[in-house]
Amino acid sequence: MERFEVFLKDRESVKILNIQGFLDAHTAPDFESELQKLIREKNYNIVVNLDGLQYISSAGLGVFMGVIEDIRGNGGDLKICCAAPKVFKVFDLLGFPSLYEFFDSEDSAIKKFNVKV
Amino acid sequence: MKRKNKKFQIKLPIETVNLEIIRDFVAHIAQNMGFSEENIHRIELAVDEASTNVIKHAYKPTNGNQKFISIQVTTYPDRLQIDVIDSGKGFDPKKIKTPAMDLYLKKMKRGGLGLYLIKTLMDEVEYEIRPGIRNKVRMIKYRNQNVG
């Protein structure tokens with residue numbers, strides 16, 4: 001059935017969420033609960049690595065929109081990296097690149113938090 | 001030899017877990033028709049968005065009878081036609097506005113992006129709404145057109 005997994009790792013003070021598989025209305029709640037957990041624990045510097053993401057629908061994009069205010073309101077940011085062209089296209093169709101920073105590599109996303117990589 | 005139209009249909013309970021089955025169903029047909037990988041993705045995503053709207057919004061939450069969504073696909077020589085059908089409460093297509101995406105995003109408004117995406121991804125979109133009886137979102141993708 002639906003294949004979706006979230007892996008969390010720390011790199012310096014930045015939390016990296018690596019999401020893999022298919023992000024749709026069925027799996028979006030899993031991703032959202034991981035992000036909410038980070039926010040509850042006061043982690044506001046977050047990189048979402050989409051390297052293993054094969055598919056995203058607007059339900060997945062809604063998760064990014066739902067948390068960003070909280071994160072930025074607390075002085076942090078959520079940066080996105082490593083999206084496959086097919087996945088990036090969906091973000092692009094909805095104008096996300098004007099509001100979220102996208103990077104080609106995890107390192108370059110982390111560097112934006114002024115962390116030594 | 002004249003190619004005949006072909007019809008395919010699936011009917012599933014309205015559960016988000018079935019979205020993957022719906023996507024695979026339409027993707028398989030689009031693939032057999034020879035659509036490009038990019039267009040197959042567009043079709044899959046549009047049908048996912050229409051189906052998600054049905055699953056999330058078409059029916060009032062009750063403990064009554066199980067509710068269903070039907071996906072009817074018709075292949076024509078020049079196009080693929082997909083109808084997403086439910087018998088829920090429906091909606092007023094006239095009230096669907098194309099959101100100014102930059103403002104929409106700045107307000108961090110969530111949800112409601114599906115209909116905008118469908119319009120962007122498909123060549124034609126039509127609505128036929130009969131609340132409680134039969135609501136239909138018809139989406140068409142032409143073989144030799146790459147709109148949007």
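The values are calculated or read from the model by the stated rules, or taken from the named source; none is laboratory data. The structure displayed is predicted, hence computed values, not measured ones. Please note: Cβ atoms are built from the backbone with ideal geometry, for glycine as well, and neighbour counts cover all protein chains shown. The protein model used for the area step is the full one, side chains on, heavy atoms only, and it has no ligands, DNA or RNA in it. Shrake-Rupley method; radii C 1.70, N 1.55, O 1.52, S 1.80 Å.
What the table below lists for this structure:
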{"read-out": "In segment A:1-14, residue most open to solvent (accessible area, probe 1.4 Å) [restricted to those that are touching a Phe, Trp or Tyr at 6+ places or on another chain (Cβ under 8 Å) and within 14 Å of chain B (Cβ to nearest Cβ)]", "value": "A:R3"}
{"read-out": "Hits in segment A:28-55 (condition: within 11 Å of chain B (Cβ to nearest Cβ) and under 17 Å from A:K86 (Cβ atoms))", "value": "A:Q54, A:Y55"}
{"read-out": "Residue tally, condition buried (at least 22 other Cβ atoms within 10 Å of the Cβ), touching a strand residue (DSSP E or B) at 6+ places or on another chain (Cβ under 8 Å) and among the aliphatic types (A, V, I, L, M), over segment A:15-45", "value": "3"}
{"read-out": "Qualifying residue in segment A:56-69 (condition: more than 14 Å from chain B (Cβ to nearest Cβ) and open to solvent by less than 40 Å² (accessible area, probe 1.4 Å))", "value": "no"}
{"read-out": "Options A:F91, A:F103, A:F96; residue that is more than 21 Å from B:T52 (Cβ to Cβ) and surrounded by 17 or more Cβ atoms within 10 Å (Cβ to Cβ)", "value": "A:F103"}
{"read-out": "Pairs with Cβ under 8 Å, 6+ apart, first in segment B:124-139 and surrounded by 15 or more Cβ atoms within 10 Å (Cβ to Cβ), second modelled with pLDDT of 95 or more and small (G, A, S)", "value": "B:V137/B:A50; B:M139/B:A46; B:M139/B:A50"}
